[in-house]
Amino acid sequence: MTIGHPSWEELVRHLETGEPDLREHTRRCSRCDGIVKSATLLLEGLRNARLPMPPRHLVEATLARVTAEASRRPGFAAKLGSALREIGAALVADSRVPSHALRGAATAVPRMLLYETDRHRIAISIAGGNTPGTTDLLGQVSPKTGASLEPGGRATLSCGTESLEDSLTEFGEFAFRGVARGVHRIAVELGGDVIRVGDIDDGASSEP
Ligand SMILES: [Zn+2]
């Protein structure tokens, strides 16, 4: 024999308003009686808890520390206020386009790629590395407006399961040398932005 239990919504409504009246059911049903009893205990506990406010001096000390940190590290306040802004950089120029078949990836003349976001330009040069089957990716980030770049930037290169990191120089340069050829992605973290560049295919997949 099966008992028709009230739904969860009916149990909650019963606790809040007394309707529907489930007392007849809970007298006979230990399952629902248990749910109602523990929910009642929980609600009472929450009502009686009256969680205390942290002491005023602790709140002030914490705020002061956060403010000091924000003034020391550019971008810190922006990160606190909201998640990092993620932007995909758009490819605006690729020097390889007309002559890849002639040049290949291992010749001396690097391939140049130019990417743009609303605030930055990212130039990347790709040339064969010293070891066969490897690539050197050199990049430079420059601001579109204003002369100086936000300090503390870094670039991360990922290619398959490999991941490499480099800090930007004061001129916005970064370098990844001797990277296995393949499809590369670069993420530049700069002043609260994460700029995504790629996929960059260095031609390994199209070679015999
Ligand atoms: Zn029941």
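Each reported figure results from applying straightforward, stated rules to the coordinates on display, with no laboratory input. If you're wondering where the values come from, they're calculated on a predicted model, not measured in any experiment. Reconstructed Cβ throughout: ideal geometry from the backbone, glycine too, with neighbour counts over all protein chains shown.
Distances between placed amide hydrogens fall under 5 Å for GLU173 paired with VAL141, all partners being 5 or more residues away or on another chain. Residues THR62, THR17, THR117, arranged from fewest to most other Cβ atoms within 10 angstrom of their Cβ, appear as THR17, THR62, THR117. Going from the fewest other Cβ atoms within 10 Å to the most, the residues PHE171, PHE176 appear in the order PHE171, PHE176. Dipole size of segment 123-208 about its Cα centre, with +1 on Lys/Arg Cβ and -1 on Asp/Glu Cβ: approximately 60 debye, rounded to the nearest 20.
Legend: ranking of residues THR26, THR145, THR156 from fewest to most surrounding C-beta atoms inside 10 Å; resulting order THR145, THR156, THR26. Pairwise Cα distances in segment 8-49 exceed 15 Å for 41 percent of all pairs.
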